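Asks: Mind looking over this structure? Questions follow.
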Amino acid sequence: MNLTQDIIWDAYEQLDRSKVRDAGPQKLLTDIISLVRFAIEESPILQPFTETVNERFLSWLSDQEKSGQQFTQEQKEWLEMIKEHIAASMHIEMDDLELAPFYERGGPVKAYRLFGPGLGGILEELNEVLAG
């Protein structure tokens, strides 16, 4: 029998439906991280990795605003794209800003104009906070 991510996810759902959230039609490779974290009891709920990243992102954004950091609408749009990239790939680096959808919006040059010299720190922090 070949164990797939879907089979394992479904098995956990049969064991305790209250602790498992539906992964929906879009299943990502990064959901394996959610399975492992749930299996080793690092996470009390089995949910798609994108949901975990979204929750952590909203918390991070709220913390930033509470500490006085205000982002423009365009910066928030870039932060959303960065979040989506981390949710799908587990990590982001400066080189990734040369890929879609970033290059369509000006790539690393535009990102640097928006965030200045703190861009590298923001990427590093989001990697740690969202995927950590």
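The values are calculated or read from the model by the stated rules, or taken from the named source; none is laboratory data. Since we're looking at a predicted model, the values are computed, not measured. Reconstructed Cβ throughout: ideal geometry from the backbone, glycine too, with neighbour counts over all protein chains shown.
Asks: Restricting the search to region 65-116, which residues are β-branched (Val, Ile, Thr) and without any contact (Cβ under 8 Å) to a residue 24 or more places away in the chain? Show your work before the answer.
Replies: Within region 65-116, the subset β-branched (Val, Ile, Thr) is 72, 82, 86, 92, 109.
The one that is β-branched (Val, Ile, Thr) and without any contact (Cβ under 8 Å) to a residue 24 or more places away in the chain: Val109.
Asks: Would you confirm whether any residue within region 94-108 is in contact with a Ser or Thr (Cβ under 8 Å, 6 or more places away or on another chain) and acidic (Asp, Glu)? Steps first, please.
Replies: Going residue by residue through region 94-108, those that are in contact with a Ser or Thr (Cβ under 8 Å, 6 or more places away or on another chain) are 96.
This time we only want the ones that are acidic (Asp, Glu), so: 96.
Among the residues of region 94-108, at least one is in contact with a Ser or Thr (Cβ under 8 Å, 6 or more places away or on another chain) and acidic (Asp, Glu), which makes the answer yes.
Asks: Only one of Leu97, Leu130, Leu119 is at pLDDT 95 or above, of a type outside the set (Phe, Trp, Tyr), in contact with a Pro (Cβ under 6 Å, 6 or more places away or on another chain) and at negative phi; which?
Replies: Answer to the selection: Leu97.
Asks: Only one of (1) free of Cβ contacts under 8 Å to residues at least 40 places away in the same chain; (2) in contact with a Phe, Trp or Tyr (Cβ under 6 Å, 6 or more places away or on another chain); (3) not polar (S, T, N, Q) fails for Val129. Which number is that?
Replies: Single failed check for Val129: (1).
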